[in-house]
Amino acid sequence: MMTWNFKLFRTAIATSLLVFTVGQAQAETGRFMRVLGNTSAPYGHREFCNEHPSECAARTGNPLVVKLSRERWNELLAVNAEVNAAVAPRTDADLYGVEEYWTYPASGAGDCEEYVLEKQRVLMARGWPRSALLITVVKDLNNEGHAVLTVRTDKGDVILDNQLEVVLPWYSTPYRFVKRQSPNDAAKWTSISDTRVSTVASIAR
C-alpha cells in the first residue's frame, strides 16, 4: 500500500500550478482535445457497464464544463493524490486472473482503470458532474494502453493520472490520446484527434 507523502504532495501542487499556468498561455488554442465521431468502447468498459449498468446510464444533451476556481483546482489535486496513495498498483492478472478487468478498487489495489474509476466516483460524490469526468484511453511512452481521467474545465482539459504525481493540462502529458467517454452518454466513446508533433516525455523520466 502506498503511504501518504505530504512533502511530495505539496511539491505536486506547486509544480501543477506552474505547469498549468504557463502551459495555458503557451497553448491557448489547444486547451481542449479535438474529438471526432463515435468509436468502440474498450472491452473492459463494456464489461464494467454490463456489471454496473447504473454507472453507465447517464445521458445528457447539455454536458457541463466545470468552472475551475482555485478551490476546485485544489480539490482535483487532493483527490488525485488521495486515490493514488490509497490504491496499491497491482495488475488485473494478479488480482483477477484475467488480462483486463475494470472495477472499483474495493480490495485497495488495482491498475490504471481502477484508479480512474475511483477518482471519477470520488469527484462525483463531491458534486462534480459526470459529463465533465471522462475516462480516457492513451498510449504511454512504451506505446502501451493506459487509462487516465480527463476533467473538462473552462480552462481546458486536465488529466488525473496514477503514473504522474501532478495534475496537468492534457497537452503537457507524455501520452498520445486515443479515445474517451462521450460527455453525452456514459456508455459511449468518441475518438480523439491528437495531432501534436511532440510531447513532454521528460516529465515521466
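The values are calculated or read from the model by the stated rules, or taken from the named source; none is laboratory data. Because the structure is a prediction, the values reported are computed rather than measured. As a convention, Cβ positions derive from the backbone with ideal geometry for all residues, glycine included, and neighbour counts pool all protein chains shown. Ligands, DNA and RNA are stripped out before the accessible areas are found, and what is left, the full protein with its side chains, is counted by its heavy atoms. Shrake-Rupley method; radii C 1.70, N 1.55, O 1.52, S 1.80 Å.
Observations on the structure shown:
- Selection status of VAL178, buried (at least 18 other Cβ atoms within 10 Å of the Cβ) and assigned to a strand (DSSP E or B): no
- Selection within the range 149-165 - open to solvent by less than 10 Å² (accessible area, probe 1.4 Å) and within 17 Å of VAL66 (Cβ to Cβ): LEU149, THR150, VAL151, THR153, GLY156, ASP157, VAL158, ILE159, LEU160
Residues checked against (1) aliphatic (A, V, I, L, M); (2) touching a Gly at 6+ places or on another chain (Cβ under 8 Å); (3) modelled with pLDDT under 95; (4) not in a strand (DSSP E or B):
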site	(1), (2), (3), (4)
ARG10	no, no, yes, yes
LEU17	yes, no, yes, yes
GLY23	no, no, yes, yes
ASN38	no, no, no, no
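- Tally of residues being open to solvent by 30 Å² or more (accessible area, probe 1.4 Å) and in contact with a Phe, Trp or Tyr (Cβ under 7 Å, 6 or more places away or on another chain) across the range 181-198: 2
- Subset of the range 96-117 [closer than 19 Å to ARG46 by Cβ and open to solvent by less than 50 Å² (accessible area, probe 1.4 Å)]: TRP102, THR103, TYR104, GLY110, ASP111, CYS112, GLU113, GLU114, VAL116, LEU117
- Condition check for LEU168: under 9 Å from the mean Cα position of the chain (by Cα) and within 19 Å of ARG70 (Cβ to Cβ): no
- Filtered residues of the range 122-142 (kept if open to solvent by 10 Å² or more (accessible area, probe 1.4 Å) and in contact (Cβ under 8 Å) with a residue 24 or more places away in the chain): VAL122, ARG126, PRO129, ARG130, SER131, VAL137, LYS139, ASP140, LEU141
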